[in-house]
Amino acid sequence: MADHYYSQQPSARSDRKKIEAALRGHKLQFVSDSGVFSRDGVDYGSRVLIEHIELREEDRVLDVGCGYGPIGLTAARLVPRGHVTMLDVNERAVALSRENAALNGIGNVEIMESDLYSAVWGRTFDVILSNPPIRAGKAVVHRILEEATAHLKPGGSLWVVIQNKQGAPSTRAKLESCFGEDQVEEVGKDKGYRVYRAVKSSAD
């Protein structure tokens with residue numbers, strides 16, 4: 001089987017790299033490695049999502065497909081009285097996220113190996129964040145969108161970033177079918193990336 005960043009056990013030989021990034025006013029350090037998404041630096045899509053998310057200090061946040069941690073760890077900095085749960089199917093990414101949380105002195109996080117939402121089934125969150133693994137295929141991306149509603153509190157929101165050329169219009173349509181047309185909004189766009197927010201109805 002080809003080795004991808006969404007493989008559970010990447011076979012690529014380890015080639016660790018240390019990178020730094022300024023995200024939402026916070027200087028963060030990350031150790032990345034071969035076999036994980038965007039190993040050479042925080043990818044532009046994640047940066048666009050990070051710049052647009054709106055979080056309250058006490059929010060309980062879920063990062064689906066966390067990689068080595070830029071989205072989830074930035075979110076943790078933004079919710080000092082809240083908590084962030086970070087999930088990834090890739091065991092190397094999970095280990096790196098744990099290492100990077102410690103490297104940056106971030107303690108309000110929980111990082112778990114998980115096939116999408118499997119490790120948090122039955123739990124709900126105020127906010128779900130995801131830069132979906134497009135190369136894993138449309139079925140995987142659609143599961144992230146479809147299953148989000150079961151993991152959001154009423155009034156909670158799912159934030160996703162996606163490129164136009166990788167299916168932004170179909171992603172919006174899928175979100176509208178899951179959440180309702182009037183519950184989905186494009187909240188930002190930058191260099192071909194679009195950020196969508198879908199809100200779970202408080203009546204659900």
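The values are calculated or read from the model by the stated rules, or taken from the named source; none is laboratory data. Just so we're clear, the structure is a prediction, and the values are computed from it rather than from any experiment. Glycine gets a Cβ as well: all are built from the backbone with ideal geometry, and neighbour counts include every protein chain shown. Each accessible area value is taken on the protein alone, full model and side chains, heavy atoms only, with ligands, DNA and RNA left out. Shrake-Rupley method; radii C 1.70, N 1.55, O 1.52, S 1.80 Å.
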Discussion item. So, Gly69, is that one within 15 Å of the chain's Cα centre (by Cα) and open to solvent by less than 10 Å² (accessible area, probe 1.4 Å) or not?
Written reply: yes
Item to complete: State which residue is surrounded by the most Cβ atoms within 10 Å (Cβ to Cβ) when the search covers only region 145-194 and only residues that are touching a Leu at 6+ places or on another chain (Cβ under 6 Å) and of a type in the set (Val, Ile, Thr).
Response: Val161
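So, in region 108-153, how many residues would count as being hydroxyl-bearing (Ser, Thr, Tyr) and within 21 Å of Val36 (Cα to Cα)?
Just the residues of region 108-153 that are hydroxyl-bearing (Ser, Thr, Tyr), to begin with: 114, 117-118, 124, 130, 149.
Pick out the ones that are also within 21 Å of Val36 (Cα to Cα) and you get 114, 117-118, 130.
Looking only at that region, the number is 4.
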Worksheet item: When you scan region 88-133, how many residues do you find that are buried (at least 17 other Cβ atoms within 10 Å of the Cβ) and among the small types (Gly, Ala, Ser)?
Response: 6
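Looking at this structure, is Asn131 in contact with a Pro (Cβ under 7 Å, 6 or more places away or on another chain) and not small (Gly, Ala, Ser)? Spell out the reasoning first.
Numbers: in contact with a Pro (Cβ under 7 Å, 6 or more places away or on another chain): no; not small (Gly, Ala, Ser): yes.
Taking the combined requirement at face value, the residue does not satisfy it.
Restricting attention to region 51-100, which residues are of a type in the set (Lys, Arg) and part of a strand (DSSP E or B)? Please lay out each step first, then the result.
Of region 51-100, the ones of a type in the set (Lys, Arg) are 56, 60, 77, 81, 92, 98.
Listed by number, the list holds a single entry, Arg60.
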